[in-house]
Amino acid sequence: ALFARKAAGPTLDPHKVVGFPLVAPPLVGASRTAGEDVATLIGSALDRREALRWVDGWRYLPNAERDVPSAVSAQAMRDIARAQGAAWYVTGRIVLRGDSVDVLLDLVDAGADTVAARPRASGDAATLWRVAIRSVNQLLPALVPGANARDLEGAWVDREPAAVASFLAGEAAFRRARPSDALAHYRAAVRDDSAFALAAVRGAQAATAAHQ
């Protein structure tokens, strides 16, 4: 069972998690949207796992703050999570150290306004997404006690890096209402990794949005 809580105000769903872009340096590897990319990976890894529902907090941020995660206050994130009826939100930061990178996450209880878990993972900056997945693994026990984190990592760790990069580019384009660009990225992801089912599903959604 998930954590029980008594929260003031509206009832918050313990299965619902809002994710926000991480604060990141201007450039990590080849990515200029690393903080958003990591949030995408977290959401893709956790959504529908053990009945969890991931909500993309990027969509609820003011336009001026969407690409500047450092400008988003904890109170704003808490208020968005509560407005969405979510018991949790995830934020964090990426720290670049030469060729290495640290991914530090905060899982925040939106009702109690306290940090429930603070995982950290380190690794090669060139494969930031693998570091991010290791950090997500440390979130899972707090959200779903007894869940098998190995299954979560297995779905991502052997993906072709080029396919993951294309998938993340597709997600960024789709968020910004550029479905044709997104479709091209999703197609590239499936071309590089034919077993990447999520990219195929997202590609179908982008094709519908682009009337293709």
With everything on Cα atoms, drop me the angle between helix 161-175 and the longest principal axis of the chain, reported from 0 to 90° to the nearest 10.
70
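Between Thr208 and Asn63, what length in nm is gained on full extension when 0.36 nm per residue of separation is reduced by their alpha carbon distance?
Length difference between fully extended and current span is 49.7 nm.
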Relative contact order, percent, of the chain when contacts are C-alpha pairs under 8 Å separated by at least 6 residues?
17
Shape parameters for the chain, alpha-carbon atoms, Rg then Dmax in Å:
16.6, 49
Kindly state, to the nearest 0.05, the FRET efficiency for Ala83 paired with Asp113, given R0 = 22 Å and r defined as their beta-carbon distance.
0.95
Could you compute the FRET efficiency for Ala155 and Arg175, with r as their C-beta to C-beta distance and R0 at 22 Å, rounded to 0.05?
0.50
Crossing angle, helix 74-83 versus the chain [Cα axis fit, 0-90 degrees, rounded to tens]:
90
Note down the relative contact order for segment 47-165 as a percent, whole number, built from C-alpha pairs under 8 angstrom at least six residues apart.
15
What percent antiparallel are the DSSP beta bridges of the chain, to the nearest 5?
70
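Can you pull the percent of segment 165-207's accessible area that's carbon plus sulfur, 1.4 Å probe, other chains left in place?
Carbon with sulfur: 57 percent of the solvent-accessible area.
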Given the DSSP H assignment, sum -39500 (n - 2.57) over each helix run of at least 4 residues in the chain and divide by its residue total; what's the result at 222 nm in deg cm²/dmol, nearest 500?
-13000 deg cm²/dmol
Please list the non-local residues whose amide H lies under 5 Å from the amide H of Val18, H modeled 1.01 Å from N, same-chain partners needing a gap of 5 or more.
Val55, Trp88, Tyr89, Val90
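The values are calculated or read from the model by the stated rules, or taken from the named source; none is laboratory data. All values reported here derive from a predicted model rather than from experimental measurement. Cβ coordinates were reconstructed from backbone atoms using ideal geometry, including for glycine residues, and neighbour counts include every protein chain displayed. These area figures cover heavy atoms from the full protein model, side chains too; ligands, DNA and RNA do not enter into them. Shrake-Rupley method; radii C 1.70, N 1.55, O 1.52, S 1.80 Å.
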